[in-house]
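> Structure in structure tokens, see below.
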Amino acid sequence: MTGRRATDIDALLATIGTDDLGVDMTAVPDEGVTMGATVDPGPVGMRASATAPEASMPPPPPADVPLIELEGSPGTSDFEVRDAIGEGAMGRVHLAWHRSVGREVAVKIPLDGPRRGSRINAVVREARVTGRLEHPNIVPMHCLARTPDGATAMIMKRVEGTSWREIADDPARLPDRFRGADRLECHLRMLLEVCDAVHFAHSRGVLHRDLKLDNVLVGAYGEVYVVDWGIAVALREDGTGHLPLARDVCRPAGTPGYMAPEMAAGEGERLGPTSDVYCLGALLHRLLIGTTRHVGRTYGEVLGAAFVSTPFDYGPHPDVPRELGRICNRACHPDPDARFPDVAAFRGALVDFLQHRDSDRLVDEAAQAVDRMVEAEARGTGDAVDTHFGAARFALEHALRIWPENTDARQALDRLLLERAEKVFEGGQVTHASQLVSVLGGGSDGADDDVGRRIATLVARIEAARAEDARRARLARNADLSVFSRHRGAIAFGLGLLWTLNGFRRVATPPPTQQLIVDQVWMIAIIFGIIFALRRWLWSTVINRRVSLALMAIVTMDMAIRLAGWALGLPSNQVCALEMVVDAGGVLYLALLVDLRLLAAVVPMAVCAGLGLTHPDEAYRISAWNVFIALSIIGGIWMWRAPGQQRRGSAPDDAAEADDQNRYGAR
């Protein structure tokens, strides 16, 4: 605490009259490091107002208010005062017997001492406030009365209960209504009823200013009452002048351990409903942590802490739900404009928490599963890592189903999935990493900037890896002999059957060279037509394109030989023998370029070519057998099994192609 803020605190403490406050500012508070006693500056704590006089002396009772004299001896008064049942900063509460009605009531009598006049004023003020605030959570006030020494007392409903502070410190004192229920939820339900009372008071233009556990009574059946309205002020003029106006406050008032900064500074013009919102947040803090919001070794230190109002770090308190911690710090923000705008908004946040609590509990369970996962990773037990990761993911996803706006769950799930995706990506599992990234919510509101950047980086790396995988897959596929191998084999068998039948036809009637040319034109048309019709398969990879181009080259060279033989006037059987030589050379080239297994067909083709050259008269017969043997071998090689291809009876090649397209996309 340095600079101007420290100077402001020193100036504040220097201007506070300790006699006016009725406390020793250097004294150690009753609770050691907290301050739970109410500070009331009395009438000197108010500026003069045209509508609310200073009232340095107790006001005389209004003429139209019947006063009843309280006597200590039985029989002389309608009220028999009995034992004291409580005491506050302003007065002592006694149990009394209302003879005419036959019931027990509570009587609040101002404390004796040098400041009794101020205390009488506070009791009268409280009576007037509670008299105009008829609400189930505010103790009903019956009437005013006068003590033997002339002091004004207040008669109100007798509440059989315990202060909330005693219940908070001793859970065994919870009313039967709350026995067996979740302790935190019980206290939050009580706080909701306190909020109802305070919000109602605000709607009637009354600011409590001293909300704390000691000023809340809990009945035997769970009834909740807000009490001690002795330092309440009016938020607006009501024409009666019964209550001082909040804007006229010029000294600290309230309980320093719960005070808002504007209350600690005595800045009446800044007092408003958000000041009570602050006190409610401080009350919630007391329930969660067990100490008041502001602490110190002396009253002065506590008041200075209230003036500064530093946000509280709930991180070291794992039992405090994160959402409640945020609610507390927002309610207790130093700037009134940054708090909840009114008590209803504060209450709504508590209701939301109760509805979302199961979701937050699952987030906590997920955090524990993540811790176990980290320990398993350190031990190198992969199965345990997967188990704990799955448990954490399930808990966070379920938390989001319960409460989709749970930013803690969303961000925790993002971090969990992102870290897991990064690890599996580094392990080479690109597809798994991509699946994890696809469900990340890094683009949603409230996402961590670092998480967003890491997601973007990982997505870019995954896309690059998938692009590289696709490139490698294309290269491998282009060189894969198994792709559409059976289609090639079927074509080889079909062409072999066609050429074989045509060859044996020529044996019976050898055609002239011109007829060979015409036949070859038809054969070229058939070959080109088949390749065009089956281009999806035969033109899909480099291997298949090479085979198609080789086949087209062979039939084209055959055509060139026939044309040359016709031009040279060679007999058709010699032309046929030369074709076998060229065909053997073409298949040899194809074997060396594409598939070495085709060398098994080159050998019989070379033998047939030699026989055709040495026995030209049998060239057509030899050619027919040459085609049958060669294409049967080639077709058998491709139909039976290519390297990397499944055996017969497995999924057909088009199913493999469909799977390939699903992985890498249609081309």
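> Within the range 310-334, how many residues turn out to be open to solvent by 50 Å² or more (accessible area, probe 1.4 Å) and either among the β-branched types (Val, Ile, Thr) or touching a Ser or Thr at 6+ places or on another chain (Cβ under 9 Å) (or both)?
From the range 310-334, those open to solvent by 50 Å² or more (accessible area, probe 1.4 Å) are 310-313, 315-319, 322, 326, 330, 333; that's our starting set.
Restricting the remaining residues to those that are either among the β-branched types (Val, Ile, Thr) or touching a Ser or Thr at 6+ places or on another chain (Cβ under 9 Å) (or both) gives 310, 333.
Of the residues in the range 310-334, 2 are open to solvent by 50 Å² or more (accessible area, probe 1.4 Å) and either among the β-branched types (Val, Ile, Thr) or touching a Ser or Thr at 6+ places or on another chain (Cβ under 9 Å) (or both).
> What pairs can you find where one residue is in the range 221-250 and over 23 Å from ALA153 (Cα atoms) and in contact (Cβ under 8 Å) with a residue 12 or more places away in the chain, the other is open to solvent by 10 Å² or more (accessible area, probe 1.4 Å) and assigned to a strand (DSSP E or B), and their Cβ atoms are less than 8 Å apart, with a gap of 6+ or different chains?
GLU223/GLY161; VAL224/LEU217; ASP248/MET46; VAL249/MET46; CYS250/MET46
> Only one residue in VAL385, VAL351, VAL370, VAL374 is in contact with an Asp or Glu (Cβ under 6 Å, 6 or more places away or on another chain) and not hydroxyl-bearing (Ser, Thr, Tyr), so which one is that?
VAL385
> Mind checking whether some residue in the range 159-170 is under 30 Å from ILE120 (Cβ atoms), part of a loop (DSSP other than H, G, I, E, B), in contact (Cβ under 8 Å) with a residue 12 or more places away in the chain and open to solvent by 10 Å² or more (accessible area, probe 1.4 Å)?
yes
> Pairs please, first residue from the range 314-343 and of a type in the set (D, E, K, R), second anywhere and buried (at least 18 other Cβ atoms within 10 Å of the Cβ) and in a helix (DSSP H, G or I), Cβ atoms under 6 Å, 6+ apart in sequence or on different chains.
From the range 314-343, the pairs are ARG322/ASP408; GLU323/PHE353; GLU323/ASP360; ARG339/THR274; ARG339/VAL277; ARG339/ALA331; ASP342/PRO273.
> Please return the ranges of helices (runs of 4 or more DSSP H) entirely within the range 241-309 where 3 or more residues are closer than 19 Å to ALA201 by Cα and either touching a Ser or Thr at 6+ places or on another chain (Cβ under 7 Å) or among the hydroxyl-bearing types (Ser, Thr, Tyr) (or both). It would help to see each step written out before you state the result.
Values: elements: 261-264, 273-289, 299-308.
Here the list reads 273-289.
> Restricting the first residue to the range 623-640 and requiring it to be touching a residue at least 40 places away in the same chain (Cβ under 8 Å), which pairs with a second residue that is assigned to a helix (DSSP H, G or I) and open to solvent by 20 Å² or more (accessible area, probe 1.4 Å) meet a Cβ separation below 6 Å and a spacing of at least six or different chains?
Short answer, once both residue conditions are applied: ALA624/PHE504; VAL627/TRP499; GLY635/PHE493; ILE637/ARG597; MET639/ARG486.
> To continue, here is another question. Identify all residues within the range 106-160 that are among the acidic types (Asp, Glu) and out of contact with any Lys or Arg (no Cβ under 8 Å at 6 or more places or on another chain); write none if there are none.
Scanning the range 106-160 gives ASP112, GLU134, ASP149, GLU160.
> If I filter the range 171-187 down to residues being without any contact (Cβ under 8 Å) to a residue 24 or more places away in the chain and assigned to a loop (DSSP other than H, G, I, E, B), which single residue comes out as least open to solvent (accessible area, probe 1.4 Å)?
LEU174
> Look through ALA609, ALA658, ALA642, ALA651 and report the one residue that is at pLDDT below 90 and open to solvent by less than 40 Å² (accessible area, probe 1.4 Å).
Only one candidate qualifies: ALA642.
> Sticking with this one: Can you find a residue that is open to solvent by 60 Å² or more (accessible area, probe 1.4 Å) and closer than 14 Å to GLY636 by Cα anywhere in the range 465-487?
Checked the range 465-487: no residue is open to solvent by 60 Å² or more (accessible area, probe 1.4 Å) and closer than 14 Å to GLY636 by Cα.
> Is at least one residue of the range 360-380 open to solvent by less than 60 Å² (accessible area, probe 1.4 Å), assigned to a helix (DSSP H, G or I) and within 27 Å of LEU280 (Cβ to Cβ)?
Scanning the range 360-380 turns up at least one residue that is open to solvent by less than 60 Å² (accessible area, probe 1.4 Å), assigned to a helix (DSSP H, G or I) and within 27 Å of LEU280 (Cβ to Cβ).
> Sticking with this one: May I ask you to list the residues in the range 337-359 that are open to solvent by less than 80 Å² (accessible area, probe 1.4 Å) and outside any helix (DSSP H, G or I)?
Selection gives ARG339, PHE340, ASP342.
> Consider PHE200 against the criteria (1) within 17 Å of CYS332 (Cα to Cα); (2) not in a loop (DSSP other than H, G, I, E, B): it satisfies all of them except one. Which criterion is unmet?
(1)
> If you take the residues in the range 78-116 that are in contact with a strand residue (DSSP E or B) (Cβ under 7 Å, 6 or more places away or on another chain) and assigned to a loop (DSSP other than H, G, I, E, B), which one is most open to solvent (accessible area, probe 1.4 Å)?
ARG99
> Here's something else I'd like to know. So, in the range 584-606, how many residues would count as being within 19 Å of MET523 (Cβ to Cβ) and open to solvent by 30 Å² or more (accessible area, probe 1.4 Å)?
Here the count works out to 1.
> Determine whether the range 500-516 contains at least one residue that is surrounded by 15 or more Cβ atoms within 10 Å (Cβ to Cβ), β-branched (Val, Ile, Thr), in contact with a helix residue (DSSP H, G or I) (Cβ under 7 Å, 6 or more places away or on another chain) and without any contact (Cβ under 8 Å) to a residue 60 or more places away in the chain.
No, the range 500-516 has no match at all.
> Go through (1) under 52 Å from the mean Cα position of the chain (by Cα); (2) at positive phi and name the single condition GLY102 misses.
Condition (1) is where GLY102 drops out.
> Are any residues in the range 296-313 touching a residue at least 60 places away in the same chain (Cβ under 8 Å) and not basic (Lys, Arg), and if so, which ones?
Passing the criteria: GLY296, THR298, TYR299, GLY300, VAL302, LEU303, GLY304, PHE307, VAL308.
> I'd like to verify a number: residues in the range 573-583 that are open to solvent by 20 Å² or more (accessible area, probe 1.4 Å) and either touching a Pro at 6+ places or on another chain (Cβ under 7 Å) or hydrophobic (A, V, I, L, M, F, W, C) (or both), how many?
Total satisfying the criteria: 5.
> Determine whether the range 138-145 contains at least one residue that is more than 30 Å from ILE289 (Cα to Cα), open to solvent by less than 10 Å² (accessible area, probe 1.4 Å) and at pLDDT below 85.
Checking the range 138-145: at least one residue is more than 30 Å from ILE289 (Cα to Cα), open to solvent by less than 10 Å² (accessible area, probe 1.4 Å) and at pLDDT below 85.
> Can I ask one more? Could you tell me whether any residue of the range 542-560 is open to solvent by 50 Å² or more (accessible area, probe 1.4 Å), in contact (Cβ under 8 Å) with a residue 12 or more places away in the chain and closer than 23 Å to ILE622 by Cα?
yes
The values are calculated or read from the model by the stated rules, or taken from the named source; none is laboratory data. Everything quoted here is computed from the prediction, not taken from an experiment. Positions of Cβ are generated from backbone atoms using ideal geometry, with glycine treated the same way; all protein chains shown enter the neighbour counts. Quick note on the areas: whole protein, heavy atoms, side chains included, nothing else; ligands and nucleic acids left out. Shrake-Rupley method; radii C 1.70, N 1.55, O 1.52, S 1.80 Å.
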